[in-house]
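We did not get these values from a lab; they are worked out from the coordinates using the rules stated. Please read these numbers as outputs of a predicted model, since none were measured by experiment. Cβ atoms come from the backbone with ideal geometry, glycine included; neighbour counts cover every protein chain shown.
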Amino acid sequence: MNIHKIEGAGNYPIYVGFDSLHKLNDLLNEGKQYSKLVVLVDENTHRACLPLLVAQVEKIATAEILEIESGEQQKNITICTQLWESLGAAGLDRKSLLINLGGGVIGDMGGFVAATYKRGIDFINIPTTLLAQVDSSVGGKLGIDLNQLKNEIGVFGYPQAVFIYSSFLSTLPEQQLLSGYAELIKHVLIADEAYWPTLLHIGKPQLELIDLDELIAYSVEIKNRIVLQDPYEMGLRKVLNFGHTIGHAIESYSLINDPQPLLHGEAIVIGMIAELYLSHLKLDLPIDTVNEIRDYLFSLYGKKNIEYFPEPALIKLMQHDKKNENRTINFTLLKAIGEAEINHNCSAEEIAMALKYYNLSSY
Ligand SMILES: NC(=O)c1ccc[n+]([C@@H]2O[C@H](COP(=O)([O-])OP(=O)(O)OC[C@H]3O[C@@H](n4cnc5c(N)ncnc54)[C@H](O)[C@@H]3O)[C@@H](O)[C@H]2O)c1
């Protein structure tokens, strides 16, 4: 069988590989008997992924399909209310199963809806974007945005299982693929110096040239190893937030103000470059290393125009970051590639310098 099995922190299996959907068949046929199955999709995963799933997993044909509109703007309480109502209208009881078929938005919000409906029903994740496959479908963070604040409302909760079938990615637009790749790059930067030359060698990822299942399993294993040690983010798990303090503020600002908002991974790339500069200021990360990683990221993502994003608005958004304590803005920084340190506070002036580093970099 072509499959990797990883024991997810929180005690659930994560299957990666061509045969992962066979495991879903086994779960539905031989595991717990569910009173009802519901598949949550958006219009893209309905069109591109559901037919593939139905073809491989017999029981999906009997499931109710719930569709929401795609996009980060949908990850909010209004859509959750609609979903809870739809689950009720479909007659879901506590022995039902919600199947999240989609990217990080479907997984985060579907998981949250399942974890709170009738005090919690079972759910599984079938991630269909690279971002969700290498990162968001595992780790147990479920939630939604509150107004412009990213993931402000949520709970920790675990799926029954995660099934990662990389063939879903064949229909994913390149921009979305690259967005997901940013989280894999983050995993390398915080945890595996030895892999950095491989990333440089791969350059822009081309699906047909890389062993996707290997790469996805590698990324999931890094995340899972960290989550296993600190499932509720009391300390160590904060390393996974590298790039996200500034990145989430950039993403939030862009969501409200840009006609074509930055994708999550694109915002995190900007956040990583700025936070690399903070790592130079606070931890003496050599500027040559900062520049080397920046140039690599520019070669994949280009340089985005964020000069008109007002600093005070960004700082205000960062003040809501969940890592903060005592009203200071808390960062995960890098001492070296593969060596992340949590709990560094940076001033508004230092953050401004980091944004200036991004904006003044030539590409
Ligand atoms: N829970 C966590 O630990 C965690 C970690 C990282 C990111 N996130 C969250 O994940 C979200 C971003 O996830 P995302 O990038 O997957 O976004 P997404 O869910 O919005 O998906 C991106 C787009 O791709 C489309 N799509 C999905 N699969 C497809 C396929 N196979 N073919 C064609 N189109 C497809 C979707 O319809 C959508 O338009 C953010 O909300 C972010 O906060 C959560």
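Determine which residues of the stretch 72-106 fall in the zone a paramagnetic label at VAL54 would reach in this model, i.e. backbone nitrogen under 18 Å from the point 7 Å along Cα→Cβ.
Only 99-102 pass the distance filter.
By how many nm would the segment from GLU152 to TRP84 lengthen if fully extended, with 0.36 nm per residue of separation less the alpha-carbon distance? Provide the component values of the computation, followed by the final result.
Values: separation 68, 0.36 × 68 = 24.48 nm, distance 1.92 nm.
Result for the pair: 22.6 nm of gain on full extension.
Looking at the chain as a GNM with Cα springs under 10 Å, which of ILE202, ILE153, ILE216 has the largest mean-square fluctuation?
Among ILE202, ILE153, ILE216, the largest GNM mean-square fluctuation belongs to ILE202.
Going by how many other Cβ atoms sit within 10 Å of their own, how do VAL54, VAL16, VAL188 line up, fewest first? Intermediate results must be reported in sequence, preceding the final value.
Details: VAL54 15, VAL16 28, VAL188 19.
Ranked by crowding around the Cβ, least crowded first: VAL54, VAL188, VAL16.
Which listed residue (VAL16, PHE123, ILE250) has the Cα farthest towards the positive end of the charge dipole for the chain, taking +1 on Lys and Arg C-beta and -1 on Asp and Glu C-beta about the Cα centre?
PHE123
Choose one of ALA274, PRO310, LEU300: the residue whose Cα lies farthest towards the positive end of the charge dipole of the stretch 271-330 (beta-carbon charges +1 Lys, Arg; -1 Asp, Glu; about the Cα centre).
Farthest towards the positive end: PRO310.
How large is the charge dipole for the stretch 1-124, taken about the Cα centre, if only the Cβ atoms of Lys, Arg (+1) and Asp, Glu (-1) carry charge, to the nearest 20 debye?
Details: 11 positive and 15 negative charges, 78 e Å.
Here the size comes out at about 380 debye.
For TYR363 and LYS32, compute 0.36 nm times the residue count separating them, minus their Cα-Cα distance, and round to one decimal in nm. Each step should come with its number before you reach the end.
Details: separation 331, 0.36 × 331 = 119.16 nm, distance 5.46 nm.
That works out to 113.7 nm of additional length.
For the chain, go through all pairs of different Cα atoms, get the mean of 1/r, take its inverse, and jot down that Kirkwood value in Å. Walk me through the intermediate numbers first.
Numbers: mean 1/r = 0.0482 Å⁻¹.
Taking every pair of different Cα atoms in the chain, averaging 1/r and inverting gives 20.7 Å.
Which whole-Hz couplings ³J(HN,Hα) result when phi for each residue of the stretch 104-110 is put into the Karplus expression 6.51 cos²θ - 1.76 cosθ + 1.60, θ = phi - 60°, listed in order with x for Gly and Pro?
In residue order, the calculated couplings are x, 5, 4, x, 5, 7, x Hz.
What is the set of long-range amide H partners of GLY102 at a cut-off below 5 Å, with H atoms built 1.01 Å from backbone N?
Placed amide hydrogens put ILE126, THR128 under 5 Å from GLY102.
Using θ = phi - 60° and the Karplus form 6.51 cos²θ - 1.76 cosθ + 1.60, what ³J(HN,Hα) does each residue of the stretch 315-320 get, whole Hz, x for Gly and Pro?
Those phi angles translate into 4, 4, 5, 5, 5, 8 Hz.
Once both axes come from the Cα atoms, what is the angle between helix 212-229 and the longest principal axis of the chain, in degrees from 0 to 90, rounded to 10?
Once rounded, the angle reads 80 degrees.
Between rounded, prolate and oblate, where does the stretch 306-358 land on the alpha carbon gyration tensor, with a ≥ b ≥ c its root eigenvalues, rounded for a/c under 1.5, else prolate if a/b exceeds b/c?
oblate
Take HIS264, HIS344 and order them by how many other Cβ atoms sit within 10 Å, fewest up front.
On the way: HIS264 27, HIS344 19.
Fewest-to-most ranking of HIS264, HIS344: HIS344, HIS264.
Count charges around GLY8 for me, please; just the other residues with Cβ under 15 Å from its Cβ, Lys/Arg as +1, Asp/Glu as -1. Let's see the in-between values first.
On the way: positive: LYS5, LYS23, LYS141, LYS223, ARG225, ARG237; negative: GLU7, ASP122, ASP135, GLU221, ASP230.
It works out to a net charge of +1.
Which residues in the stretch 115-158 place their backbone N less than 20 Å from a point set 7 Å from the Cα of GLU208 along the Cα-to-Cβ direction?
Of the residues in the stretch 115-158, 130 have backbone N under 20 Å from the label point off GLU208.
Could you pull out every residue, at least 5 positions away or on a different chain, whose amide H is within less than 5 Å of the one on ASP42? Hs are placed 1.01 Å off N in the peptide plane, and Pro or chain starts have none.
Hits under the 5 Å cutoff: ILE68.
List the residues whose amide H sits under 5 Å from the amide H of ASN151, counting only those 5 or more places along or on another chain, with H placed 1.01 Å from N in the peptide plane.
Distant-sequence amide H within range of ASN151: ASP145, LEU146.
Rounded, prolate or oblate, given the Cα gyration tensor of the stretch 251-363, with a/c below 1.5 counting as rounded? All intermediate terms of the calculation are to be shown ahead of the outcome.
Working: a/c = 1.70, a/b = 1.06, b/c = 1.61.
Oblate is the answer for the stretch 251-363, as a/c is 1.5 or above yet b/c matches or exceeds a/b.
Using 0.36 nm per residue, how much length does the chain from SER167 to ALA194 gain when fully extended, once their Cα-Cα distance is taken away?
6.9 nm
Within the stretch 1-142, how many Lys pairs sit with Cα atoms under 21 Å apart, leaving out pairs fewer than 8 places apart on the same chain?
18
So, in Å, what gap is there between the alpha-carbon centers of the stretch 79-144 and the stretch 275-351?
Computed from Cα coordinates, the inter-centre distance equals 31 Å.
To the nearest 20 debye, what charge dipole does the chain have about its Cα centre, counting +1 at the Cβ of each Lys and Arg and -1 at the Cβ of each Asp and Glu?
Details: 29 positive and 45 negative charges, 166 e Å.
That gives the chain a dipole magnitude of about 800 debye.
How do ILE126, ILE6, ILE226 rank when sorted from fewest to most other Cβ atoms within 10 Å of their own Cβ?
Working: ILE126 32, ILE6 19, ILE226 22.
By the 10 Å Cβ count, ascending: ILE6, ILE226, ILE126.
Can you tell me the orientation of helix 77-89 relative to the chain, as the angle in degrees between its alpha-carbon axis and the longest Cα principal axis, to the nearest 10?
In the chain, helix 77-89 runs at an angle near 10 degrees to the longest axis.
At 222 nm, what value in deg cm²/dmol follows for the chain if DSSP H runs of at least 4 each add -39500 (n - 2.57) and the sum is divided by all its residues, to the nearest 500? If you can, show how the numbers build up before the last one.
Working: 13 runs with 163 residues, N = 363.
The helix contribution divided over the chain gives -14000 deg cm²/dmol.
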